[in-house]
2 protein chains.
Amino acid sequence: MTKSYDVAIIGAGSSGLSALRVVRKQTDNFVLINHGSYGTTCARVGCMPSKALIEAANAFHLRKMLDAFCVSGAENLAVDIPAVLRRVRRLRDGFVAGMLNLTDEVKDHSIAGRARFLEPQLLQVGDRRVHAKKIIIATGSRPVVPGEWAVLGPRMLTSDDLFEQETLPSRMAVVGMGGLGSEIAQALARLGIEITGFDTSDHIAGLSDSQVNSVAVELLSAEFAMHLGQAAEPVIEGERIRVRAGNESVVVDKVLVALGRLPNIDQMGLENLGVALDDRGVPPFDSSTMQIADLPVYIAGDANRHLPLLHEALDEGYIAGYNAMRSEPACFERRVPLAIVFTDPGIAVVGHRYTELNKDEIVIGEVDFSNQGRARMAEMNQGLLRVYADKNSGLLLGAEMCAPQGEHLAHLLALTVQRKLTVRELLGMPFYHPVLEEGLRTALRDAASKLVGKDLADLAYCERMGADAID
Amino acid sequence: MTKSYDVAIIGAGSSGLSALRVVRKQTDNFVLINHGSYGTTCARVGCMPSKALIEAANAFHLRKMLDAFCVSGAENLAVDIPAVLRRVRRLRDGFVAGMLNLTDEVKDHSIAGRARFLEPQLLQVGDRRVHAKKIIIATGSRPVVPGEWAVLGPRMLTSDDLFEQETLPSRMAVVGMGGLGSEIAQALARLGIEITGFDTSDHIAGLSDSQVNSVAVELLSAEFAMHLGQAAEPVIEGERIRVRAGNESVVVDKVLVALGRLPNIDQMGLENLGVALDDRGVPPFDSSTMQIADLPVYIAGDANRHLPLLHEALDEGYIAGYNAMRSEPACFERRVPLAIVFTDPGIAVVGHRYTELNKDEIVIGEVDFSNQGRARMAEMNQGLLRVYADKNSGLLLGAEMCAPQGEHLAHLLALTVQRKLTVRELLGMPFYHPVLEEGLRTALRDAASKLVGKDLADLAYCERMGADAID
């Protein structure tokens, strides 16, 4: 028996639930199909538990700064790692429960099972057939685990397992120094675990600017060993694992594999959509409508590999849900790119990446935080921030940073890029004293001094007159 | 003998030095007159040493959070207050030295002494007379100490003395819960000193929004006793001081008086300028030119009582210096108001204060941080932030807050107000997950939902279509 719906949403994660919120405002005739447990990647195994771990690790790490602040006794501090992991799970359960409220509300509209396309408007789910005028694919992603790591069995962890551990061993390798790998490696090191990080790339945490990357590598390397630029491979040595990369090797108890995520679209019968899939199995789609080719099918969130970030997944779910309820898809302008890695100092990329820009057309402004006033007072004076602006217009195009409290500076820059402001317009805002934002201002002034037709005044004035700088 | 100059700058503080930087680019014929020691209020006794003290206090305070993060042994931590004060002075000396470089450079152009106006272009300095075509008054300010507190002698401290102490006693009163009083009282309490705060007002730290103020009072009161709404007075009891306010009283060893600052203009012969002074002795001046009436005299920085904040003093010095070198003064648009108090949670007022706004013309959006995701993970989930927007246009007019890491949220809002953006335009920026800025977004969405002609979409879109919210 085939039941017919206006809309079928496949996947009850962040993006699917975002689509659901739009769809259910306009129709009751929808179905939510989900395979496996409910609760989103973000809440279950992603952003939220990782930040709970990181905050605990940073709190314990502060003991290393206490001496500089004239506080003694730090040598007596000890962290209870099993308790930290229990706290992570307790907080996580709260966030997951928040997500489940919504899935509970629509349980009469839900089917548990794996959906497979028979035709663009027809799905097989177990022994049922589901027909829908519009279908939204929001099946999320899972960690990539290459075969040589998979064979390690329980000695190999991914972000899916890490937070489920009762405790953690004293020596671990983290394979993959992307965003997740870098922030988790630092957190585990700060909890007292001996960590060695590996990556085939010389660049970590999504940075493209080599100067910022060098600073990030140097600062993180002060906390844990890192081997970059060579592929790592495991060698089982009894109960332990030797991880080898070029001439480097280390023996550890467990390995965290953080090599990125794969979209959950490989067993969905996408070949039955009648469109050519790319070499990773992703169908062609328009990121401003989320529509797949000209089919009544949309693909949103991690499933499309486009921007596997929570805030983007929510936008994509919204766009897909919105368009599923219309005859003609509407085209949405996406937000300015923003990627943050929750290391300390914080790593972030805002707007255009350095490598995307034509170096002849930009000026670069930078600030080294090692002598920044507020950062010195807070014993967090390290890091580098670089801003990129159009040489002629002064438009701020992007920034990369490894900077104290970088996540906040990144948001200020994201608003600037989103609103298409120039470096001088940004310099017209008040910068209080003493704050880390004054470090950003140093970088902006550096960029402003290199602009064509330079006029250094960063104080707005009613009467235009070619004033000189406040420097 | 009378020497003649193009420009005389009275005062070598932040504002005077800012004026100097502009003036010396255009003339060598200037003089810098300074009474007393060099180095700015900000670097010597203001922003910088206070933040050095606060950062140490916050570091020691973290021990109270360690248990929540599953770190044990915090009971063994001890702070060495004399060492904290030495660190404050060491850092301060570095910042002061930075300021002195500039005054050293111009020492051939400097006169030590107190300047007194004989005429608008003629000054008496000791036994010399100084004539200048233009004169800039940048004499700064000093702490107000009413007579009943002054008689306490060395048992009474102001911000001028606090950082000079070798150590601090175990019980202190802080009289005045403005910005400085609030942040220093909390810092001293966090260093383990038993603090009692007093203010005649019910509002603290410059807040005008009673709801935000209530939260700020409640949170700070959890760390030290505070008696508001009654004038405090001292009663000497042997070696100690009883501070009384209404029915409340407390016996302490020392009192920090933080009752605001007075401009250093009372012995300058301003009566000889030929303009009427206001009841506080301040001459009439234009805050967009810094010119006093139509005289060739400018007044900048704390000396004019207008905006006694470092970043404003720098702007005013710049404007005064710029205009001193012109025949006709240029009019400058001042930056959006921004005031930050470095308590934890942070207190800030951005743009229009709540009490300045017509309540019939605005909508208010708010967020309570007690359940905010990131704040919960970092054990900093307390505080309230309220934004004010024009009901019809949606223009963001201002905000008041007592919020975790409020200084960063305040800068994001300051840019928004400076660029005259609407609530919806601000909602169009990316908010990463999980960050404290998502708390601000909650307040913005709350405000957006109350706007006239509501259209809740916070995702920008190319094709205008009246889309519904991503909620």
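The values are calculated or read from the model by the stated rules, or taken from the named source; none is laboratory data. This is a predicted model, so every value here is computed, not measured. Every residue, glycine among them, receives a Cβ derived from its backbone with ideal geometry; neighbour counts consider all protein chains shown. These area figures cover heavy atoms from the full protein model, side chains too; ligands, DNA and RNA do not enter into them. Shrake-Rupley method; radii C 1.70, N 1.55, O 1.52, S 1.80 Å.
Okay, here's what the table says:
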item	result
Hits in the range B:41-73 - residues which are within 7 Å of another protein chain (Cβ to nearest Cβ) and open to solvent by 40 Å² or more (accessible area, probe 1.4 Å)	B:Leu62, B:Met65, B:Ser72
Residue in the range A:264-312 that is least open to solvent (accessible area, probe 1.4 Å), counting only those that are among the polar types (S, T, N, Q) and within 13 Å of A:Gly140 (Cβ to Cβ)	A:Asn304
Only listed residue being open to solvent by 30 Å² or more (accessible area, probe 1.4 Å), modelled with pLDDT of 95 or more and part of a strand (DSSP E or B), chosen from B:His227, B:His203	B:His227
Condition check for B:Asp80: of a type in the set (D, E, K, R), over 25 Å from the mean Cα position of the chain (by Cα) and at the interface with chain A (Cβ under 8 Å from one of its Cβ atoms)	yes
Matching residues in the range B:215-224 - criterion: being within 11 Å of B:Thr196 (Cα to Cα) and either at pLDDT below 95 or acidic (Asp, Glu) (or both)	B:Glu223
Which numbered condition B:Val23 misses (of (1) over 23 Å from B:Arg128 (Cα atoms); (2) at pLDDT 95 or above; (3) touching a Gly at 6+ places or on another chain (Cβ under 6 Å))	(1)
Criterion (more than 7 Å from chain B (Cβ to nearest Cβ) and modelled with pLDDT under 95) met by exactly one of A:Ala443, A:Ala410, A:Ala460, A:Ala469	A:Ala469
Residue within the range B:58-70 that is of a type in the set (Lys, Arg), at pLDDT 95 or above and farther than 30 Å from B:Ala293 by Cα present	yes
Filter pass, A:Glu316 being more than 8 Å from chain B (Cβ to nearest Cβ), within 30 Å of A:Val7 (Cα to Cα) and in contact with a His (Cβ under 9 Å, 6 or more places away or on another chain)	yes
Conditions (1) in contact with a helix residue (DSSP H, G or I) (Cβ under 8 Å, 6 or more places away or on another chain); (2) within 14 Å of another protein chain (Cβ to nearest Cβ); (3) open to solvent by 10 Å² or more (accessible area, probe 1.4 Å): number failed by A:Lys391	(2)
Positions within the range B:12-45 being touching a strand residue (DSSP E or B) at 6+ places or on another chain (Cβ under 8 Å), among the hydrophobic types (A, V, I, L, M, F, W, C) and not in a helix (DSSP H, G or I), in sequence order	B:Ala12, B:Phe30, B:Val31, B:Leu32, B:Ile33
Odd one out for B:Pro337 among (1) closer than 17 Å to A:Gly428 by Cα; (2) touching a helix residue (DSSP H, G or I) at 6+ places or on another chain (Cβ under 7 Å); (3) at pLDDT 95 or above	(2)
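Condition check ((1) away from chain A (no Cβ under 14 Å); (2) of a type in the set (D, E, K, R); (3) open to solvent by less than 20 Å² (accessible area, probe 1.4 Å)) across all residues:
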| site | (1), (2), (3) |
| --- | --- |
| B:Arg335 | no, yes, no |
| B:Asp344 | no, yes, no |
| B:Gly351 | no, no, yes |
| B:Tyr354 | yes, no, no |
| B:Asp360 | yes, yes, no |
| B:Gly365 | yes, no, yes |
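So that you can scan it fast, the table gives a plain yes or no per residue for (1) touching a Phe, Trp or Tyr at 6+ places or on another chain (Cβ under 9 Å); (2) of a type in the set (A, V, I, L, M, F, W, C):
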residue	(1), (2)
A:Leu180	no, yes
A:Glu183	yes, no
A:Ala189	yes, yes
A:Gln211	yes, no
